[in-house]
Amino acid sequence: MEEVDVEPAITNIPAVSNGKHLGFAWGPGDILVYETIYKPSGATSSGSCFVHEVRKDEDIYSPILRKLFNESHHIFVGLQTIKEDLPSKNKKNQFVSISKNYRSVIRACMEELQQVAVSTKDAEVATQYGNQVSILLAIELIWNLCEVLFIDAAPAGSLLLHLLDWVRLHKADVDEKAREVLQSESAAEHRDYWDVVVSYVLQGRLEEARQMLVKQATLQPAARNMYKLMDTLLSRMPFYNPGGTQTLTEFDVKWRNWHEEVDRCLQDNSFASNQHLELICKILVGDEDTLLEHKELLSTWYHFLVTRMLFCHPTVKPTELHYYAQSCMTMFLDMRSVPEPLDSILLAAFEYDIHQVIKDCSIALNNWWFVAHLTDLLDHCKLLQSHNLHFGSNLREFLLLEYASGLFTHHSLWQLAVDYFDHCPEFGRVYLELQIEHVPLETERKALKVLRICEERQMSEQVRSICKIMAMRSLRNNRLGSALSWSIRAKDAALATLISERFLHDYCTRGTFSDLDLIDNLGPAMLLSDRLTFLGKYREFHKLYGEKRFREAAKLLLSLMTAKIAPRSFWMTLLTDALPLLEQKEVTKYQIFLQV
């Protein structure tokens, strides 16, 4: 992608005075900033003793948004299992289903955030969650449009139906207002009654509009014929049925005939005596001035676009959409106002510029979750094949790597990141090897998790590193058994030798071995180092002696003496161990002294 063409946001660091000299250290997902001891000439004030952590992705620390990351991870992994040899029609249906699954996760998370924002008494928390709800609303709006235009790739006729569903889903305030009107004592006399009727018409929900108009008609018997005519016009408006037998051309002819009928009623002043019905009639003919007079009901330029298509160009083709989108945004927005980032993203989508959508979203949104998952889905739909980055990795992999790298900074989400790296064939393994070394190993349980991940992927260097770290930590804590176990897993002969000598030293000091179960079951692992071999065999000697198998014990002790694998400090101990054997009849004294 091109270089970012906007200024980066400024992050204010509290308690840092102006003019102070700052030092910093880069971390995997954050920066540590601190005041240095350097003082410019003339400076007298003392520096701050605080170290500030600047995070680039705060969202991963939100407990509610973590559910979004966890749920979407399962969808992502499932998407990677779709077979390439499936028929394109079957794959398209699967991709649309997966897209809807992503959106349902977004919506569920959004609803939970909304509930917390409303119920909390902390104003700051309410504001924070409210902002996150706004971001998720925008994300779901963009994703839904991309689903319609790119993934489902609806053709002419069906395209408008999908866009109507899109607008209805994201402009749900009319339903709340309608409930309020219908629950009042007299719905037809409610102050918002006509706003609800007009809003229904603007969204193409003509059946609901007809039901609302019946309530008004019962209050005005004199105007019954006028309301009946409007009801006829609304009921006759044709809508394209993709699954029906009617062709798009036949639908277009039928729609034009209906449109001419509505226009005749308007020219004949059939509704001149009722301003509300006349307004609805003007909307039905697609009068742009009338539509623009009701911006407060449309609320957005893209709602205006869909309404305009509904009543003027119901068979709009995907290739024509960008022209109407640009003109509607220009007409709807105040000439003095600058389009918001959301407006630019939606316009790029209507222009079928996928890469511009991804670029603008990467700049506007505060984390990589959205662009990474959307790009991955679009890539599976074979819509991004022609776009590679200059430094090797394709766009999909680049965004997934960035997203997964951010997850690795979190104490629990790092496990999700492993699967994302696994599905980045070019650089995923390299990133995983680098990132997994930064996972803090606070407990043995966590270390074993990390170790299993490395072993499953045959990451031998990382396996050795983890085992050595855990072995040294156990050794410092005087947990010799755990230390020896980790050193054996690391296959580190020097470390195993060091720990074995600690075992032998403790034996000389206390006269007993610790962690007997481990030493007794070393098996072939004792061959890792001479000292470990000696430790295992020396413990075996003690077992034989304890079982009164003196002949075998003496034979093993002699072999330990002659093999020269015992440390010098332990020679006297071996000789001392030989003394009790001299008193046993089963052992030939000459045999022992011959070897000594």
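The values are calculated or read from the model by the stated rules, or taken from the named source; none is laboratory data. Only a predicted model underlies this, so the values are computations on that prediction, with no experimental measurement involved. All Cβ positions, glycine included, derive from the backbone under ideal geometry; neighbour counts span all protein chains shown. Quick note on the areas: whole protein, heavy atoms, side chains included, nothing else; ligands and nucleic acids left out. Shrake-Rupley method; radii C 1.70, N 1.55, O 1.52, S 1.80 Å.
Consider A483 carefully, then state whether it is aliphatic (A, V, I, L, M) and more than 48 Å from the chain's Cα centre (by Cα). Judged against the criteria, A483 is not a match.
Which helices (runs of 4 or more DSSP H) sit wholly inside segment 119-226 and have at least 2 residues that are of a type in the set (G, A, S) and either open to solvent by 10 Å² or more (accessible area, probe 1.4 Å) or modelled with pLDDT under 90 (or both)? Break it down stepwise before answering.
Details: elements: 123-146, 158-170, 173-182, 193-202, 206-219.
Those helices (runs of 4 or more DSSP H) span 123-146.
Going through (1) at pLDDT 90 or above; (2) in contact with a helix residue (DSSP H, G or I) (Cβ under 6 Å, 6 or more places away or on another chain) one by one, D353 falls short only on (2).
Restricting the first member to segment 521-542 and to residues that are within 17 Å of D492 (Cβ to Cβ) and not assigned by the TED database to the domain that holds C508, and the second to residues that are surrounded by fewer than 21 Cβ atoms within 10 Å (Cβ to Cβ) and polar (S, T, N, Q), no beta-carbon pair is closer than 6 Å while six or more apart or on different chains. In segment 85-116, which residues are under 23 Å from A364 (Cα atoms) and open to solvent by less than 70 Å² (accessible area, probe 1.4 Å)? Listed by number, the residues that qualify are S99, Y102, R103, S104, V105, I106, R107, A108, C109, M110, L113.
Only helices (runs of 4 or more DSSP H) whose full extent lies in segment 293-342 are considered here, and the ones with at least 2 residues that are open to solvent by 40 Å² or more (accessible area, probe 1.4 Å) and either touching an Asp or Glu at 6+ places or on another chain (Cβ under 9 Å) or at negative phi (or both) are 295-298, 321-332. The residue pairs whose first member lies in segment 174-192 and is assigned by the TED database to the domain that holds L298 and within 13 Å of A209 (Cβ to Cβ), whose second member is assigned to a helix (DSSP H, G or I) and open to solvent by less than 40 Å² (accessible area, probe 1.4 Å), and whose beta carbons are closer than 7 Å, counting only pairs six or more residues apart or on different chains, are V174/V196; V174/S199; V174/Y200; A178/V196; V181/A187; V181/Y193; V181/V196. Evaluating D59 against the criteria (1) open to solvent by less than 70 Å² (accessible area, probe 1.4 Å); (2) modelled with pLDDT of 85 or more leaves one unmet condition, (2).
Kindly evaluate L416 against the criterion of being surrounded by 24 or more Cβ atoms within 10 Å (Cβ to Cβ) and more than 20 Å from K359 (Cα to Cα).
No; evaluated as a whole, the condition is false for this residue.
I'd like the full set of residues that are in a helix (DSSP H, G or I) and open to solvent by less than 30 Å² (accessible area, probe 1.4 Å), limited to segment 230-253. Scanning segment 230-253 gives M230, L233, L234, F251. Return yes when F350 is of a type outside the set (G, A, S), within 30 Å of V285 (Cβ to Cβ), surrounded by 20 or more Cβ atoms within 10 Å (Cβ to Cβ) and in contact with a Lys or Arg (Cβ under 8 Å, 6 or more places away or on another chain) and no when it is not. No, not satisfied.
Return the residues of segment 391-426 that are of a type in the set (S, T, Y) and over 28 Å from T443 (Cα atoms); say none if nothing qualifies.
Matches in segment 391-426: S393 only.
Being more than 12 Å from A496 (Cα to Cα), under 50 Å from the mean Cα position of the chain (by Cα) and among the charged types (D, E, K, R) is the filter here, so list the residues in segment 518-544 that pass it. Matches in segment 518-544: D520 only. Candidates in segment 489-524 are the residues that are open to solvent by less than 30 Å² (accessible area, probe 1.4 Å) and among the aliphatic types (A, V, I, L, M); of these, the one that is modelled with the lowest pLDDT is I519.
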